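These notes are about the structure you will find just below.
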Amino acid sequence: MPLDPGFSTLADKVSLLNDRYRHHGAVSVMEQALGDPDVGSVALVSSFGAESVVLLHMLSVMDKTAPVLFIDTQMLFPETIAYQTEVAEKLGLTSIRTIRANPRTLAFEDPDNTLHQFNTDACCAIRKTEPLERALAGFDAWITGRKRYQSGSRAALDFFETDGEARIKVNPLAHWGREDLAEYMVNNRLPRHPLVARGYPSIGCAPCTSPVKPGEDPRAGRWRGSNKTECGIHFINGKMVRIPFDAGNTENAA
């Protein structure tokens, strides 16, 4: 979407949107984002992970036909694939678009599916970041499940933020805490990802996700033993987020 003549930069537009919806709640922000012309065409990006069902349910109440982008890295847990099908059917979502890496790129860069063992950033770029960027090319904005409580880098997260120079990122749950998410799931009788009960509070690809022990950071099982905490989908000042675990909690990207 070309910038409105009243905005000199995308950051100006984002600032206006944050002022406009500063005192709104998550449901209102989600609803308005789907229809505000200053936001433009929108897709929800979902990992169908531990907390994803909250945003998916909100979307299903407002517009079951809205596009949902699901990144299948082809290294996900079988439980995640089954959960994606279960949730989509239960909520009646009719426009889920499964996106995957370019087969030629995979064949050249990761022919034996071992790239994650020695270069997790490259693996995430091929299987997540690049496919998502292609899928988002036709949208002006995308909805994420990011929240302030998840890490120091997200502590000042607003409902709207810039994503590069041409796209807006919408974070309806920015101000929600874990207790809000749990309450919403219970009140709406939403199905939980089966791996949560088995010690996986944050769920990514199977080779790079391990169970979390009591008292550990909820995201400690993601890329365990490294300082990597983000797959590369989310950036700050144009750079991939790489925050040590002791900087604060993090959770599912979408």
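The values are calculated or read from the model by the stated rules, or taken from the named source; none is laboratory data. Keep in mind that this is a model prediction, so the values were computed, not measured. Cβ coordinates were reconstructed from backbone atoms using ideal geometry, including for glycine residues, and neighbour counts include every protein chain displayed.
Only residues that are closer than 16 Å to ILE143 by Cβ and at pLDDT 90 or above were counted across the range 8-32, and they come to 12.
Name every residue in the range 38-78 that is within 16 Å of LEU190 (Cβ to Cβ) and of a type in the set (D, E, K, R), in order of residue number. Answer for the range 38-78, where residues must be within 16 Å of LEU190 (Cβ to Cβ) and of a type in the set (D, E, K, R): GLU51, LYS64.
Of all residues in the range 176-195, which are assigned to a helix (DSSP H, G or I) and either of a type in the set (Val, Ile, Thr) or in contact with an Asp or Glu (Cβ under 7 Å, 6 or more places away or on another chain) (or both)?
Taking the range 176-195 as the starting set, the residues that turn out to be assigned to a helix (DSSP H, G or I) are 178-187.
LEU181, VAL186, listed by residue number.
Would the range 71-86 turn up any residue that is charged (D, E, K, R), surrounded by fewer than 21 Cβ atoms within 10 Å (Cβ to Cβ) and modelled with pLDDT under 95? Show your work before the answer.
First, pick out the residues of the range 71-86 that are charged (D, E, K, R): 72, 79, 86.
With the extra rule that they be surrounded by fewer than 21 Cβ atoms within 10 Å (Cβ to Cβ), the set shrinks to 72, 79, 86.
After this cut, where a residue has to be modelled with pLDDT under 95 as well, the list is none.
No, the range 71-86 has no match at all.
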